[in-house]
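Worksheet: one structure, shown below.
The values are calculated or read from the model by the stated rules, or taken from the named source; none is laboratory data. The structure presented is a predicted model; accordingly, all values stated were derived computationally and were not measured. Note that each Cβ is placed from the backbone with ideal geometry, even for glycine, and that neighbours are counted across all protein chains shown. Ligands, DNA and RNA are excluded from the accessible area calculation, which covers all protein heavy atoms including side chains. Shrake-Rupley method; radii C 1.70, N 1.55, O 1.52, S 1.80 Å.
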Amino acid sequence: MKIALGSDHAGFELKEKIKTFLEELGHEILDLGCYSKDSVDYPEFGAKVARAILNGEAERGILICGTGIGMSMVANRFHGIRAALCHELFTAKMARLHNDANILVLGGRVIGDALAFEMVKVFIDTPFEGGRHERRIKLIDELTKE
Ligand SMILES: O=C(CO)[C@H](O)[C@H](O)[C@H](O)COP(=O)(O)O
């Protein structure tokens, strides 16, 4: 699967580890930055990953900042993006099963590496259940049209 990654400085180290983890699983990575621990502004990277999903450059995205809150706010402003901020496995799985989330958001200052890897794997491997959830996802787009 082609997966876009983005982080700010607070998520940089975890992004690098997730990149290696996903590459070892055979996924293709589009790393949209940032590329060092130097302080940057998270909205720029959240927007880059959201746009990459919407224009078909990647199938899924992973965004990481300190808490994950700022990245979720940015990504979910983009129509068609369903970004899920997750801190544990159940939510990461349900974000795919029920919400067809296309971006997983993590807090690099909140969770440890092992949990992050588990959540990433569940997020990538879990399919969307469809059915009644399809109708609800369509409603999100319909009700938030400009
Ligand atoms: O979620 C965030 C922004 O809402 C992030 O946690 C940022 O990474 C954080 O705000 C960065 O803080 P810093 O003091 O500039 O490192």
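Side notes on the structure shown:
- Share of carbon and sulfur in the accessible heavy-atom surface of region 86-128 [1.4 Å probe, %]: 60 percent
- Amide H partners (placed H, <5 Å) of Leu85, local residues excluded: Val105
- Distance between the C-alpha centres of region 1-77 and region 94-136: 14 Å, rounded to the whole angstrom.
- Residues of region 2-143: accessible area per residue with a 1.4 Å probe, Å²: 49 Å²
- Derived scalar couplings ³J(HN,Hα) [region 133-146; Karplus, 6.51 cos²θ - 1.76 cosθ + 1.60; whole Hz; x for Gly, Pro]: 6, 4, 4, 5, 5, 4, 4, 4, 5, 4, 6, 10, 5, 5
- Amide proton proximity set for Leu5, modelled H, under 5 Å, gap of 5+: Leu30, Asp31, Leu32, Ile62
- With the simple model of a label 7 Å out from the Cα in the direction of the Cβ, His133 to Met1 spans 1.2 nm.
- Over the chain: helical MRE at 222 nm, DSSP H runs n ≥ 4 each giving -39500 (n - 2.57), nearest 500: -14000 deg cm²/dmol
- Charge tally in the Cβ shell below 15 Å around His98, where Lys, Arg are +1 and Asp, Glu are -1, His98 excluded: +4
- Within a Gaussian network of the chain (alpha carbon springs, distance under 10 Å), most fluctuating of Gly61, Gly130, Gly46: Gly130
- log10 of Debye I(q)/I(0), alpha-carbon scatterers only, for the chain at 0.11, 0.18 Å⁻¹: -0.35, -0.97
- Backbone HN-Hα couplings from phi across region 59-65 [Karplus 6.51/-1.76/1.60, Hz, Gly and Pro as x]: 7, 9, x, 10, 10, 9, 10
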